[in-house]
1. Label points 7 Å out from Cα along the Cβ direction at S36 and S5: separation in nm?
2. Considering the zone a paramagnetic label at Y62 would reach in this model (a point 7 Å from Cα along the Cα-to-Cβ line), which residues of segment 3-23 have amide N under 11 Å from it?
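Here, each number is a calculation from the coordinates, and none is a lab measurement. Note that the coordinates shown come from a computational prediction; the quantities given were computed from them, not determined experimentally. Note: ideal-geometry Cβ built from the backbone for every residue, glycine included; neighbour counts use all protein chains shown.
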Amino acid sequence: MIDSSFILYGYYNNQYFEEGYDDKKSYQQAIQRFSSVGLNAFQPQNINSLLQTIISEVAQNYEQ
């Protein structure tokens, strides 16, 4: 899970997800929900590599 401006990006149950929230309260509730199933935010130094992987895989899926 990567958190950014009320948007959560991540990978869960063999699928990538992106969820946006309208307010901080809903966003924090979603973080708690994801944490309850064992998903935690990556440390900042890992985000660039993870995002590059996600973008690459998404681009490959669109090309097919």
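1. For the pair S36/S5, the computed spacing is 2.9 nm.
2. Label zone hits: none.
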